[in-house]
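Let me begin by presenting the structure, written as structure tokens, before commenting on it.
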Amino acid sequence: MAIQRTFSIIKPDATERNLTGAVNAVIEKAGLRIIGQRRIQMTRAQAERFYDVHKERPFFGELVDFMTSGPVVVQVLEGENAVKAYRDVMGATNPADAEEGTIRKLYAKSIGENSVHGSDSEENAAIEIRQFFSEADIAG
Ligand code: GDP
């Protein structure tokens, strides 16, 4: 297995409920290291660019509204097979389908307001990390 990096966002529904530390505790307990982290207010342009693959989906406008509705915490995570390891600990997109102990089962409010984002491939992780971090802001 290889040490990988993945990109994470703690979404506005979680920052609003002061759950940054609680989410980070689940991340760290899963063996992932938070090697870059910044709290930002996303602009519409940033959110639209980030979710460009979903622009034809019916929920795109709602998703951009949500992601710009409050602060988010963007993160770079590192660990063994980090992309899959983080997807596993995030849980299913819809919290109703998420496994016990996953971040979304513990904290998500709905399929839209589901507390966290995690990259779905190593290639997308690199693209997403580059959108929000320079190498100088990451220390592994
Ligand atoms: P993920 O990889 O598990 O985050 O899921 P997707 O890539 O399929 O969707 C991206 C994000 O769009 C999800 O995390 C949700 O925040 C949002 N989303 C997905 N499906 C829906 C939906 O049916 N309604 C709404 N409002 N948002 C959705």
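The values are calculated or read from the model by the stated rules, or taken from the named source; none is laboratory data. Nothing here was measured: the structure is a model prediction, and the numbers come from that model. Here Cβ is always computed from backbone atoms with ideal geometry, including for glycine, and neighbour counts include all displayed protein chains. Ligands, DNA and RNA are excluded from the accessible area calculation, which covers all protein heavy atoms including side chains. Shrake-Rupley method; radii C 1.70, N 1.55, O 1.52, S 1.80 Å.
A few notes on this one:
- For the chain, the dipole from Cβ point charges (+1 on Lys and Arg, -1 on Asp and Glu) about the Cα centre works out to 280 debye, to the nearest 20.
- Alpha-carbon Rg with Dmax, taken over the chain, Å: 13.9, 39
- A straight Cα-to-Cα reach below 26 Å connects Lys29 with the lysines Lys11, Lys84, Lys105, Lys109, residues fewer than 8 places away in its own chain not being considered.
- Heavy-atom accessible area with a 1.4 Å probe sorts Arg17, Arg44, largest first, into Arg44, Arg17.
- Counting only protein chain heavy atoms and rolling a 1.4 Å probe, the accessible areas of Thr43, Thr102 rank, largest first, as Thr43, Thr102.
- Sorted largest first by accessible area at a 1.4 angstrom probe radius, with every protein chain in place, the residues Ser121, Ser69, Ser115 fall in the order Ser69, Ser121, Ser115.
- The range 105-140-the range 1-64 distance, computed between alpha-carbon centres (Å): 4
- Loop trypsin sites (Lys or Arg not before Pro), the range 54-140 (other Cβ atoms within 10 Å of the site Cβ: 15 or fewer; DSSP): Lys55, Lys109
- For the options Gly61, Gly70, Gly36, a Gaussian network treatment of the chain with springs between C-alpha atoms closer than 10 Å singles out Gly61 as fluctuating the most.
- Charge tally around Pro71: other residues with Cβ under 13 Å, Lys/Arg +1 each, Asp/Glu -1 each, net +2.
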